[in-house]
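Okay, so here's the structure we're looking at.
The values are calculated or read from the model by the stated rules, or taken from the named source; none is laboratory data. Predicted model, so just to flag it, every value in this text is computed and none were measured. Using ideal geometry, Cβ is built from the backbone for each residue, glycine included, and neighbour counts are taken over all protein chains shown.
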């Protein structure tokens with residue numbers, strides 16, 4: 001317990017809840033001397049987690065937490081050897097998209113018309129963020145990097161990374177025009193940057209800002225990634241051409257878009273099994 005106490009004093013506030021949970025689980029369940037652990041001890045511990053049914057993603061998260069923990073012990077002088085510094089897991093991450101959990105067009109529309117409870121100067125910005133997520137299916141990285149020059153209201157287009165050009169929805173035009181001519185200028189320091197979407201202090205927005213913008217004081221939570229996946233899946237379900245959806249989404253490989261089609265067959269099979277289980 002002394003190791004845990006010292007770690008918490010020095011590093012507990014510097015890591016996320018997942019790391020904290022995984023490290024405490026490791027300390028509480030490891031059946032070996034943590035200070036004198038060997039490479040094989042860590043391998044066996046990961047094997048036990050694997051046998052418990054954890055996904056490959058969770059296994060890798062546990063290993064990252066354990067590695068971080070041993071880095072802390074090294075820095076604190078409790079150990080002189082890191083038992084798993086070079087350990088890498090070869091478990092294949094399941095990237096299957098569970099389309100049955102994605103949002104329907106009706107649910108996405110609910111997001112668009114959601115009452116915004118943010119401060120007045122950010123309400124229009126938040127509306128634009130929600131629209132860009134639903135109408136263009138942008139990633140958070142793409143949202144954050146957008147500049148004023150990327151918006152062409154005259155031609156009703158939006159340019160992503162100077163290459164991908166997407167059409168603006170008619171409902172986006174007035175909000176964007178008002179935001180660019182009025183609301184954005186009210187945000188502090190807005191004249192010092194060409195970024196389109198700004199924080200309330202006029203700086204570059206963060207990922208957490210995007211999440212707050214679409215979920216502030218709301219009961220039902222939406223995530224940008226799930227919104228994007230839902231937009232792509234809904235386009236394919238509605239019969240849009242695979243290649244056009246690939247270009248719309250900005251997927252480098254057609255296989256990235258095809259996985260949504262594969263997932264639809266999986267979804268159908270899942271529904272059939274629920275309604276007509278085989279004895």
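Values computed for the structure shown
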| item | result |
| --- | --- |
| When residues of the range 122-138 are limited to those that are touching a helix residue (DSSP H, G or I) at 6+ places or on another chain (Cβ under 6 Å) and not in a helix (DSSP H, G or I), the one farthest from residue 204 (Cα to Cα) | 137 |
| Lone qualifier among 29, 104 - being surrounded by fewer than 16 Cβ atoms within 10 Å (Cβ to Cβ) and within 28 Å of residue 222 (Cβ to Cβ) | 104 |
| Residue within the range 123-131 that is without any contact (Cβ under 8 Å) to a residue 60 or more places away in the chain, within 30 Å of residue 255 (Cβ to Cβ) and under 25 Å from the mean Cα position of the chain (by Cα) present | yes |
| Given (1) within 26 Å of the chain's Cα centre (by Cα); (2) within 27 Å of residue 208 (Cβ to Cβ); (3) surrounded by 13 or more Cβ atoms within 10 Å (Cβ to Cβ); (4) modelled with pLDDT of 85 or more, index of the condition residue 12 fails | (4) |
| Residue list for the range 156-199, restricted to those being farther than 21 Å from residue 134 by Cβ, free of Cβ contacts under 8 Å to residues at least 60 places away in the same chain and assigned to a loop (DSSP other than H, G, I, E, B) | 162, 163, 188, 189, 193, 194, 199 |
| Pairs where the first residue, in the range 18-45, is over 21 Å from residue 88 (Cβ atoms) and the second is in a loop (DSSP other than H, G, I, E, B), C-beta under 7 Å, 6+ apart | 35/78; 35/79 |
| Looking only at the range 130-150, and only at residues there that are touching a strand residue (DSSP E or B) at 6+ places or on another chain (Cβ under 6 Å) and within 16 Å of residue 169 (Cβ to Cβ), the one that is surrounded by the fewest Cβ atoms within 10 Å (Cβ to Cβ) | 150 |
| Matching residues in the range 213-244 - criterion: being more than 18 Å from residue 256 (Cα to Cα) and not in a loop (DSSP other than H, G, I, E, B) | 213, 214, 215 |
| The listed residue being at pLDDT below 90 and either loosely packed, with under 13 Cβ neighbours inside 10 Å or over 26 Å from residue 260 (Cα atoms) (or both), out of 209, 182 | 209 |
| Lone qualifier among 99, 127 - being buried (at least 21 other Cβ atoms within 10 Å of the Cβ) and either in the same structural domain as residue 35 (by TED's automatic domain parsing) or modelled with pLDDT under 90 (or both) | 99 |
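Conditions tested, residue by residue: (1) more than 28 Å from residue 165 (Cα to Cα); (2) surrounded by 17 or more Cβ atoms within 10 Å (Cβ to Cβ); (3) modelled with pLDDT under 90.
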{"position": "233", "(1), (2), (3)": "no, yes, no"}
{"position": "250", "(1), (2), (3)": "no, yes, no"}
{"position": "258", "(1), (2), (3)": "no, no, yes"}
{"position": "263", "(1), (2), (3)": "no, yes, yes"}
{"position": "271", "(1), (2), (3)": "yes, no, yes"}
{"position": "276", "(1), (2), (3)": "yes, no, yes"}
